[in-house]
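Trainee: Below is a structure I'd like to ask you about.
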Amino acid sequence: MLSESSAAVVTATLPAVQANGEAITGRFYQRMFAAHPELLNIFNRSNQATGTQKAALAGAVVAYAEHLTGGSAVPWGPILDRIAHKHVSLGITATQYTIVGRHLMAAVAEVLGEAVTPEVAAAWDEVYWLLACELVAREARLYTEAGVPENGSVWREWRVTEKTAETPDVVSFTLVPADGGPVPGFTAGQYTSVAVDLDGGRGQQIRQYSLSGRPGADHWRITVKRVRGTGGAPDGMVSGFLHERIAVGETLRLSPPFGEVSALGGGEPLLLVSAGIGLTPAMSALAHLAATEPERPVTLVHADRSGAAHALRHELPALQERLPNLSVRLWYEDAAGAELAGIKAEIAEGLVDPALVPLAPGAYVHLCGPVPFMTLVRGGLLGRGVLAERIAYEVFGPGMLR
Ligand SMILES: Cc1cc2nc3c(=O)[nH]c(=O)nc-3n(C[C@H](O)[C@H](O)[C@H](O)COP(=O)(O)OP(=O)(O)OC[C@H]3O[C@@H](n4cnc5c(N)ncnc54)[C@H](O)[C@@H]3O)c2cc1C
Ligand code: HEM
């Protein structure tokens, strides 16, 4: 709870902070990276360049201030979970909250000038630390559950044992711990962070990849789409590096499995809806169910550009054999010559029509794909009476659906 005096000050200054949000965020990162250039290796440089993530951190503090002062009824649990899981997958430490807090407060003071009296600074500091403490506590719990020792590193070396071209743009990497130790279990829907040292002195970059194989197997698998720059933008840094530079026998630094979104639900009919490379959590879920709950009613809806672009689809016939209640519905933008290669599926041409997505009563829904795709499907399912809390989704970038 925010103290009463701070709540009044925050309420009074919230509009000014909101109005200057972009300037504050910009100065915050400039100051922080100037003082701590090592943090450039933790933050996503492309998100910094495009501004995609820039606003997320400061934006969350402002939104939390609104929440504390009664100005918003947003449920914070899921937001805190998402941030905490992302943070621990990056190895964020409690000490770094002091650095972020110092530079964020300094940026607020710099941008708002004299309006930031000691009283105002203290009130916003209180907001920041209330949020920081919530996150640090959640993160400490996640580190403990993942077996990361206090002040220990999340990173572990994994050896690539197979590299498989799935489509012209997608490769899968099969990985085992390089130290020969146990392979951690995970829940279908979870991801690992992958840290790579880019060449040309470009430093370390970290990205998340959903585990696309069967939980409980003696190896992990990630399936990576190569991101091509369009309209003059550069190609994706890490996906390109993984495609081009990482061969069988080489090692990668991986975090333990994290991620708060389950692709499994709890035993009810399951509806997995994916588009493009968003199929990775769904493929993990299907592999898990084939091994553990083969009778579960499951519908897989997948959208892709074409049959040739649809990664891992060669696994579907074997999954269908093991999952008698699995039905598959495919939408290909270009279905011409879409060879079904043994898959029993209904196939349609064009974009997914949410009204035609098969829906079993009481289903648990898992969505993964581009944000506009998920927004469309989620909206359609809500309109058909599915409760919001029955629809889980994973965004392959910063943020959540609105
Ligand atoms: C939870 C989670 C799970 C994920 N699972 C998977 C998965 O299973 N498989 C998978 O393939 N991906 C997955 N992703 C996405 C993955 O983490 C990466 O975001 C993706 O591989 C792109 O990373 P990159 O380094 O190649 O691209 P980046 O270098 O991060 O580039 C991203 C985009 O920014 C653009 N850009 C960069 N710099 C500029 C600039 N200066 N100006 C304009 N545009 C610019 C690039 O052109 C590109 O379009 C997941 C993400 C999350 C968060
Ligand atoms: C109260 C303090 C903080 C808040 C409110 C906050 C908020 C956020 C939010 C909202 C995201 C985006 C999550 C997503 O949807 O993917 C994020 C990601 C991230 N945060 Fe934090 N954060 C805080 C502290 C920190 C600290 C202390 C660090 C470490 C220096 C940090 C580093 C990162 C990084 C590296 C990402 C991933 C995005 C990227 O790489 O650009 N954050 N944070």
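Trainee: What is the residue count in the stretch 265-284 for residues that are crowded, with 24+ Cβ neighbours inside 10 Å and either part of a helix (DSSP H, G or I) or more than 22 Å from the chain's Cα centre (by Cα) (or both)? Please lay out each step first, then the result.
Mentor: At the first step, the residues of the stretch 265-284 found to be crowded, with 24+ Cβ neighbours inside 10 Å are 270-274, 277-284.
Subsequent filtering for residues that are either part of a helix (DSSP H, G or I) or more than 22 Å from the chain's Cα centre (by Cα) (or both) retains 277-284.
Of the residues in the stretch 265-284, 8 are crowded, with 24+ Cβ neighbours inside 10 Å and either part of a helix (DSSP H, G or I) or more than 22 Å from the chain's Cα centre (by Cα) (or both).
Trainee: Kindly evaluate residue 38 against the criterion of being open to solvent by less than 60 Å² (accessible area, probe 1.4 Å), more than 9 Å from ligand 2 (Cβ to nearest atom) and not assigned by TED's automatic domain parsing to the domain that holds residue 237.
Mentor: Numbers: open to solvent by less than 60 Å² (accessible area, probe 1.4 Å): no; more than 9 Å from ligand 2 (Cβ to nearest atom): yes; not assigned by TED's automatic domain parsing to the domain that holds residue 237: yes.
Here the answer is no, as residue 38 does not meet what is asked.
Trainee: Here's something else I'd like to know. Which one of these does residue 229 not meet: (1) at pLDDT below 95; (2) within 16 Å of ligand 2 (Cβ to nearest atom); (3) not acidic (Asp, Glu)?
Mentor: (2)
Trainee: Sticking with this one: Which members of the stretch 83-132 meet the condition of being of a type in the set (S, T, N, Q) and farther than 30 Å from residue 260 by Cα? Give the steps one after another, and end with the answer.
Mentor: Our first condition is that a residue be of a type in the set (S, T, N, Q); within the stretch 83-132, this holds for 89, 93, 95-96, 98, 117.
Within the stretch 83-132, just 117 meets the criteria.
Trainee: Could you tell me which numbered condition residue 230 fails, if it satisfies all but one of (1) within 25 Å of residue 49 (Cα to Cα); (2) touching a Ser or Thr at 6+ places or on another chain (Cβ under 6 Å)?
Mentor: All conditions are met except number (2).
This table checks each residue for (1) in contact (Cβ under 8 Å) with a residue 24 or more places away in the chain; (2) assigned to a loop (DSSP other than H, G, I, E, B); (3) open to solvent by less than 60 Å² (accessible area, probe 1.4 Å); (4) assigned by TED's automatic domain parsing to the domain that holds residue 77.
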{"position": "195", "(1), (2), (3), (4)": "yes, no, yes, no"}
{"position": "213", "(1), (2), (3), (4)": "yes, yes, yes, no"}
{"position": "217", "(1), (2), (3), (4)": "yes, yes, yes, no"}
{"position": "244", "(1), (2), (3), (4)": "no, no, no, no"}
{"position": "263", "(1), (2), (3), (4)": "yes, yes, yes, no"}
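Trainee: Moving to a separate point now. Which condition from (1) within 14 Å of ligand 2 (Cβ to nearest atom); (2) assigned to a helix (DSSP H, G or I) is the one that residue 110 breaks?
Mentor: Here residue 110 meets the rest and fails (1).
Trainee: Continuing with this model, one more query. Take residue 245 and decide whether it is touching a Gly at 6+ places or on another chain (Cβ under 8 Å) and more than 16 Å from ligand 2 (Cβ to nearest atom). Outline the logic, then answer.
Mentor: On the way: touching a Gly at 6+ places or on another chain (Cβ under 8 Å): no; more than 16 Å from ligand 2 (Cβ to nearest atom): yes.
For residue 245, the condition - touching a Gly at 6+ places or on another chain (Cβ under 8 Å) and more than 16 Å from ligand 2 (Cβ to nearest atom) - is not met.
Trainee: Can you confirm whether residue 359 is touching a residue at least 60 places away in the same chain (Cβ under 8 Å), within 16 Å of ligand 1 (Cβ to nearest atom) and of a type outside the set (D, E, K, R)? Explain how you work it out, then say what you get.
Mentor: On the way: touching a residue at least 60 places away in the same chain (Cβ under 8 Å): yes; within 16 Å of ligand 1 (Cβ to nearest atom): no; of a type outside the set (D, E, K, R): yes.
So residue 359 fails the test.
Trainee: Then there's this: Residue by residue through the stretch 129-166, note down the ones that are open to solvent by 20 Å² or more (accessible area, probe 1.4 Å), within 16 Å of ligand 1 (Cβ to nearest atom) and not small (Gly, Ala, Ser).
Mentor: Scanning the stretch 129-166 gives 142, 163, 164, 166.
The values are calculated or read from the model by the stated rules, or taken from the named source; none is laboratory data. It should be emphasised that the depicted structure is a prediction, and the values quoted were computed from it without experimental measurement. We place every Cβ from the backbone using ideal geometry, glycine too, and count neighbours over all the protein chains shown. Accessible surface is based on the protein model in full, side chains and every heavy atom, while ligands, DNA and RNA are left aside. Shrake-Rupley method; radii C 1.70, N 1.55, O 1.52, S 1.80 Å.
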